[in-house]
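The block underneath contains the structure these notes are about, expressed in structure tokens.
The values are calculated or read from the model by the stated rules, or taken from the named source; none is laboratory data. This structure is a prediction, so every number in the text was calculated from the model and none was measured. Note that we place each Cβ from the backbone using ideal geometry, even for glycine, and neighbour counts take in every protein chain shown.
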Amino acid sequence: MELHTRTAAVVRLDRLAANIAKTKALLRPGVELIAVVKADAYGLGAAGVYETMRKSGVSRYATAYWEEGAALRAAGAAEPILLLADTCDSDLAKVVEHRLTPAIYTVDAARKLDALAAAAGVVQPVQIKIDTGMNRIGLHWGEPAVGPAKAIAAMEHLKIEGAFTHFFKADEPDDPATEIQAERFAGTVARIRAAGVFIPMVHASNSSGLILRPQHQLDAVRVGDILYGLITVDDGPWDALGMEEVLTWVSAVAYVKTVPAGETIGYGGTYTTVRDTVVATIPVGYADGYSRRLSNCGVVRIHGQDAPIVGRVCMDQFMVDVTDIPGVIRGDRVDLLGDGVSIRRMSALSGVSVDELACGISKRVPRVYVDEDIQ
């Protein structure tokens with residue numbers, strides 16, 4: 001497949017399927033995989049990756065908000081979809097309408113949802129969110145969670161499908177926080193169950209937890225990064241998994257010129273040429289999600305060689321030095337991500353996390369779904 005556009009975020013579905021298979025191989029028998037597709041599948045496009053996930057045997061999904069869940073339903077998903085973040089009271093009707101499973105952690109929200117479910121004539125699934133130390137959302141761990149959980153379980157039109165917490169330091173193997181969280185979560189669930197509340201599924205682990213702390217798989221794991229090949233832990237354990245980056249990002253040279261020594265390049269004149277310099281202009285900028293923090297420090301690949309960014313990344317364009325890359329002309333392929341510019345390398349150069357870089361690619365960059373590299 002050839003590139004016939006200014007730029008494209010290319011999603012390798014073959015790599016996604018391979019990553020899913022490798023992830024499932026890490027799971028103990030009976031442990032379910034919940035694919036996290038929030039933020040439009042971390043920028044890859046949830047609708048575009050759903051069918052590959054379904055064919056790869058993914059049977060549960062998680063998003064942050066109801067809008068993302070509704071979009072996944074529109075893409076054809078019939079499987080359970082868990083909402084990981086808060087749902088506004090005014091949006092609870094959307095949860096019922098789109099058959100989503102919200103995170104519930106207040107009795108007041110549960111009552112409102114119960115009334116909406118009653119009006120719709122359905123039994124609404126919910127999952128109890130328990131806060132074990134991140135202090136974001138959730139019932140406080142331990143005895144304070146028991147009363148609210150019992151009250152929620154008593155509501156006629158709600159059905160508790162599970163309970164979950166979230167590890168906030170799972171990528172730090174020597175930090176005791178995750179073990180403390182795991183103990184708090186297990187103890188809290190035990191207390192709630194002892195009070196007569198049926199909780200069929202419990203889960204806590206994210207991608208980092210799955211890789212570094214497999215003992216906490218419980219009934220399911222919620223993973224996103226690992227499926228998309230976005231590194232979440234140190235290189236050694238990550239490289240041993242053999243995961244591939246699913247996302248690449250390409251463009252094409254717009255213009256090539258020679259700039260004399262002593263000239264400045266770009267806004268603010270932050271780069272000055274020290275020799276006659278062949279400069280190529282790339283028609284991508286921070287409005288496309290190409291981080292401005294790559295100004296004067298990032299690289300792209302042209303003809304299989306590094307081309308360093310010179311000057312500031314503009315809203316719609318940036319410039320690179322191709323003096324040492326012979327024969328660069330308008331229309332030549334530019335690898336912004338891929339072919340030697342991994343997302344972890346871009347992260348190291350920019351100081352921006354891999355998740356932020358992937359999610360930051362804007363909607364004006366078309367997503368292209370392929371099973372092989374484009375030419």
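Scanning the stretch 279-291 for residues that are surrounded by fewer than 18 Cβ atoms within 10 Å (Cβ to Cβ) and touching a Ser or Thr at 6+ places or on another chain (Cβ under 9 Å), we see that the one that is nearest to Gly340 (Cα to Cα) is Pro283.
Residues checked against (1) farther than 27 Å from Asp239 by Cβ; (2) touching a helix residue (DSSP H, G or I) at 6+ places or on another chain (Cβ under 8 Å); (3) part of a helix (DSSP H, G or I):
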site	(1), (2), (3)
Val146	yes, yes, yes
Ala149	yes, yes, yes
Ile152	yes, yes, yes
Ala186	yes, no, yes
Gly196	yes, yes, no
Pro200	yes, no, no
Ile211	no, yes, yes
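Being touching a residue at least 24 places away in the same chain (Cβ under 8 Å) and closer than 21 Å to Asp239 by Cα is not true of Asp332. Close Cβ contacts (under 7 Å, 6 or more residues apart or on different chains) running from residues in the stretch 17-40 that are basic (Lys, Arg) to residues that are modelled with pLDDT under 95 and part of a helix (DSSP H, G or I) comprise Lys22/Leu241.
Going through (1) in contact with a Pro (Cβ under 6 Å, 6 or more places away or on another chain); (2) in a loop (DSSP other than H, G, I, E, B) one by one, Asp174 falls short only on (1).
Out of the residues in the stretch 143-184 meeting the condition of being among the β-branched types (Val, Ile, Thr) and within 24 Å of the chain's Cα centre (by Cα), tell me which one is farthest from Glu32 (Cα to Cα).
The residue in question is Thr178.
For Ser295, the test of being assigned by TED's automatic domain parsing to the domain that holds Thr323 and within 23 Å of the chain's Cα centre (by Cα) is failed. Within the stretch 346-361, the set of residues being in contact (Cβ under 8 Å) with a residue 24 or more places away in the chain and more than 15 Å from the chain's Cα centre (by Cα) comprises Met346, Leu349, Ser350, Gly351.
Hey, could you check the stretch 125-157 for residues that are buried (at least 19 other Cβ atoms within 10 Å of the Cβ) and of a type in the set (S, T, N, Q) and say which is farthest from Gly187 (Cα to Cα)? Here the answer is Gln127.
Answer yes or no: is there a residue in the stretch 274-285 that is in contact (Cβ under 8 Å) with a residue 24 or more places away in the chain, within 25 Å of the chain's Cα centre (by Cα) and outside the structural domain of Ala25 (by TED's automatic domain parsing). Checking the stretch 274-285: at least one residue is in contact (Cβ under 8 Å) with a residue 24 or more places away in the chain, within 25 Å of the chain's Cα centre (by Cα) and outside the structural domain of Ala25 (by TED's automatic domain parsing). For the structure I just gave you, tell me whether Ala119 is at pLDDT 95 or above and in a helix (DSSP H, G or I). Considered against the rule, which asks whether it is at pLDDT 95 or above and in a helix (DSSP H, G or I), Ala119 comes out as yes. Looking only at the stretch 179-220, filter to residues that are out of contact with any Asp or Glu (no Cβ under 8 Å at 6 or more places or on another chain) and among the hydroxyl-bearing types (Ser, Thr, Tyr); which one of those is surrounded by the fewest Cβ atoms within 10 Å (Cβ to Cβ)? Among residues in the stretch 179-220 that are out of contact with any Asp or Glu (no Cβ under 8 Å at 6 or more places or on another chain) and among the hydroxyl-bearing types (Ser, Thr, Tyr), the one surrounded by the fewest Cβ atoms within 10 Å (Cβ to Cβ) is Thr188. Of all the numbered requirements in (1) in a loop (DSSP other than H, G, I, E, B); (2) buried (at least 24 other Cβ atoms within 10 Å of the Cβ), Val233 misses one, and that requirement is (2).
Run down Val95, Val122 and say which single residue is buried (at least 16 other Cβ atoms within 10 Å of the Cβ), assigned by TED's automatic domain parsing to the domain that holds Asp219, of a type in the set (Val, Ile, Thr) and under 25 Å from Ser59 (Cα atoms).
Numbers: Val122 fails: buried (at least 16 other Cβ atoms within 10 Å of the Cβ).
Exactly one of Val95, Val122 is buried (at least 16 other Cβ atoms within 10 Å of the Cβ), assigned by TED's automatic domain parsing to the domain that holds Asp219, of a type in the set (Val, Ile, Thr) and under 25 Å from Ser59 (Cα atoms), namely Val95.
Looking at Ala77, Ala85, Ala18, Ala62, which is the one that is assigned by TED's automatic domain parsing to the domain that holds Val126, buried (at least 20 other Cβ atoms within 10 Å of the Cβ) and not in a strand (DSSP E or B)? Within the list Ala77, Ala85, Ala18, Ala62, the selection yields Ala77. Just one of the numbered conditions (1) among the hydrophobic types (A, V, I, L, M, F, W, C); (2) out of contact with any helix residue (DSSP H, G or I) (no Cβ under 6 Å at 6 or more places or on another chain); (3) touching a residue at least 24 places away in the same chain (Cβ under 8 Å) is not true of Cys297: (2).
Select from the stretch 21-46 the residues that are over 24 Å from Asp86 (Cβ atoms) and in a helix (DSSP H, G or I) and list them in ascending order. Ala21, Lys22, Thr23, Lys24, Ala25 - these are the residues of the stretch 21-46 that are over 24 Å from Asp86 (Cβ atoms) and in a helix (DSSP H, G or I).
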